[in-house]
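Remarks on the structure that follows.
The values are calculated or read from the model by the stated rules, or taken from the named source; none is laboratory data. None of these values were measured; they are calculated from a predicted model. Cβ sites come from the backbone with ideal geometry, for glycine too, and all protein chains shown count toward neighbours.
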């Protein structure tokens, strides 16, 4: 009986040891991915892109992914310093660059490991899309024609439209030119108001509202960061501001027909998974367009301006 018990005990111990060794082996071979996140600045749209990216990868990879998050807070010199630090960090498997300045800074120093992008309007104009590139992800180019049609339907009396943008942002310049052409094509008169630095924002915005029936802004990091100031000036002049960032409508902009930045981050995360885990090459993956389906309208601003939502767009409107 004693021998039989000893045999059973030894057998159980062997099985337990085998299971333990397998678990140790799996833990040793388990790959952990580290991603450096370079965010251009702090504002709701870029924060949403970052959160969507992290949440999606944590959902699909669990504890097998880690992030190092750095925010340049709008400083170009800081952006490039962070990009250099990330480039020198050999433990990072890839990089997530949020918005055009971050994508430019990261791609200028890193040519091998994958760079995933979101909140970039025109990656082609930046030279980020070419054979054997290490850049992939999503872009936030809006449908400018649809945006102008929305403006006309919401503000039918507007004839002179100010375009407020930052002169130093490539994405803003690209969209401002498209807006200029589309406004003229629709019989409206565009006037450009370019902000050269952040300290000029208030003065340029004041001028824009004095000289325009309504003001239109492209996707622009400085505009998004200053949206509370811009809205306060718009309210003073009792004129509407149309933006390209849905999040800014919460702060009092009249309306936007922009992309969902949290979904943009999720979209880029799915592409990152395909590269890091499934072994796909960034240059084999086209940079995807994030969809812009809904029109976001601030109900309080709409009422204060005495405007109404026409039946033609009512089904597409989300009231904020």
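Structural remarks
- When 138, 118, 77 are checked against the criterion of being in contact with a strand residue (DSSP E or B) (Cβ under 9 Å, 6 or more places away or on another chain) and within 20 Å of residue 222 (Cβ to Cβ), 118 stands alone in meeting it.
- Number of residues in the stretch 274-297 that are part of a loop (DSSP other than H, G, I, E, B), under 21 Å from the mean Cα position of the chain (by Cα) and modelled with pLDDT of 90 or more: the value is 3.
- In the stretch 77-106, of all residues being closer than 30 Å to residue 199 by Cβ and without any contact (Cβ under 8 Å) to a residue 40 or more places away in the chain, the one that is nearest to the chain's Cα centre (by Cα) corresponds to 103.
- The number of residues in the stretch 129-179 that are crowded, with 16+ Cβ neighbours inside 10 Å and at positive phi comes to 1.
- Positions within the stretch 75-113 being surrounded by fewer than 17 Cβ atoms within 10 Å (Cβ to Cβ), in contact with a helix residue (DSSP H, G or I) (Cβ under 7 Å, 6 or more places away or on another chain) and more than 22 Å from residue 287 (Cα to Cα), in sequence order: 76, 84
- Test for residue 126: is it crowded, with 24+ Cβ neighbours inside 10 Å and either within 25 Å of the chain's Cα centre (by Cα) or in a strand (DSSP E or B) (or both): no
- Residues of the stretch 265-280 satisfying the condition of being touching a helix residue (DSSP H, G or I) at 6+ places or on another chain (Cβ under 7 Å) and closer than 15 Å to residue 135 by Cβ: 268, 272, 275, 280
- Restricting the stretch 34-62 to residues that are free of Cβ contacts under 8 Å to residues at least 12 places away in the same chain and surrounded by fewer than 16 Cβ atoms within 10 Å (Cβ to Cβ), the residue that is farthest from residue 222 (Cα to Cα): 62
- Residue check, residue 57 under 19 Å from residue 272 (Cβ atoms), assigned by TED's automatic domain parsing to the domain that holds residue 269, touching a strand residue (DSSP E or B) at 6+ places or on another chain (Cβ under 6 Å) and part of a loop (DSSP other than H, G, I, E, B): no
- Qualifying residue in the stretch 161-174 (condition: more than 25 Å from residue 46 (Cβ to Cβ), assigned to a helix (DSSP H, G or I) and in contact with a helix residue (DSSP H, G or I) (Cβ under 7 Å, 6 or more places away or on another chain)): no
- Verdict on residue 313 being assigned by TED's automatic domain parsing to the domain that holds residue 249, at negative phi and either part of a strand (DSSP E or B) or touching a strand residue (DSSP E or B) at 6+ places or on another chain (Cβ under 7 Å) (or both): yes
- Boolean, residue 152 is closer than 23 Å to residue 247 by Cα and not in a strand (DSSP E or B): yes
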